[in-house]
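Remarks on the structure that follows.
The values are calculated or read from the model by the stated rules, or taken from the named source; none is laboratory data. Given the structure is predicted, the values throughout are model-derived calculations rather than measurements. All Cβ positions, even for glycine, are placed from backbone atoms using ideal geometry, and neighbour counts span all protein chains on display. Accessible surface is based on the protein model in full, side chains and every heavy atom, while ligands, DNA and RNA are left aside. Shrake-Rupley method; radii C 1.70, N 1.55, O 1.52, S 1.80 Å.
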Amino acid sequence: MEPVTLKSDRLLIRPLRAQDAEHVMAAWQDPNIRRWTAVPVEQTLDMAADFVRISVNEWREGRNFILGIEVIDTGEFVGTIGIFGLSWVSMSEQLAWVGCWAVGGQRRNGYMAEALPVLAAWAFRELRIDRLEAIVEVGNDASLACALKAGFQMEGTLRSRTVQDGTRRDAWIAALLPGDLGQASSVPYHG
C-alpha cells in the first residue's frame, strides 16, 4: 500500500517528506515529546531522515501507517500521526492503536483532535480495523484529552502497559469503533 493524503477542514495529513526530518529532529529534542513518547536517546539529523524513509517503507509493508500533518493555509508542520500494531485477532477482526505528537508551537490548537477521526475513518474503511485504541501513559492528561475530544471512549487503566525510559508504567486506554464515526464494523458489534 502506498501512503495516502487525507484532509480535514484545516489540515493536510500527508506522507512524510525528506524536509520533515528537521521537524522530526526538533520534536525529538522537545522535553514534552521526550517525556511521553519513545524517541532515540541521542538524535541526529540522519536518524530523523531515516525515520522519514522508514515511515514510507512501513506503508508499503502494511505494518505501520505514519503521516505528517501540516496546516493547509500556512503549510506549517504540526506533527505526526499514525496507526500502529496492526494485528489480526482472527481472520475477520483487526485491531490497532494510534499515536501522535505535535510540535510545541502547534499544541492547543485542536489539530490532533481534528486529525485523529480523519485518520481513523480512513483506517476503518481501508484497513478494515474494528477497534482503534489510544494507549496513553497515566499522567499524560493532554494526550488523553485529545483522544477523548476526537471521540475515543475512556475504558480504564492498564497496569504495566507501557515502557518509558526503561520503566514499566500504567496507561489509560480509550477506544474508537467504526460505529462511533457512523461506519460499519467488519464484524457486527453488539455492545
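Return one whole number: the accessible area per residue of the chain in Å², for a 1.4 Å probe. Provide the component values of the computation, followed by the final result.
Values: 9980 Å² over 191 residues.
Accessible area per residue, the chain: 52 Å².
Cα gyration tensor of the stretch 1-160, axes a ≥ b ≥ c as square roots of the eigenvalues: rounded (a/c below 1.5), prolate (a/b > b/c) or oblate? Walk me through the intermediate numbers first.
Numbers: a/c = 1.33, a/b = 1.19, b/c = 1.12.
It comes out rounded by the Cα gyration axes.
Highest mean first, what order results for 94-100, 124-130 on Cβ atoms within 10 Å?
Ranking the peptides 94-100, 124-130 by packing returns 94-100, 124-130.
Whenever you get a sec, compute what percent of the accessible area on the chain sits on carbon and sulfur atoms (1.4 Å probe).
With neighbouring chains kept in place, the figure for the chain is 51 percent.
Let me know the shape class of the stretch 84-189, please: from the alpha-carbon gyration tensor, a ≥ b ≥ c as square roots of the eigenvalues, rounded when a/c is under 1.5, otherwise prolate if a/b is greater than b/c, or oblate. Could the numbers behind the result be given before it?
Details: a/c = 2.01, a/b = 1.28, b/c = 1.57.
Judged from the Cα gyration tensor, the stretch 84-189 comes out oblate (a/c at least 1.5, b/c at or above a/b).
Considering the dipole of the chain built from charges on the beta carbon (Lys and Arg +1, Asp and Glu -1) around the Cα centre, which of 71, 5, 191 is farthest to its positive end?
Of 71, 5, 191, it is 191.
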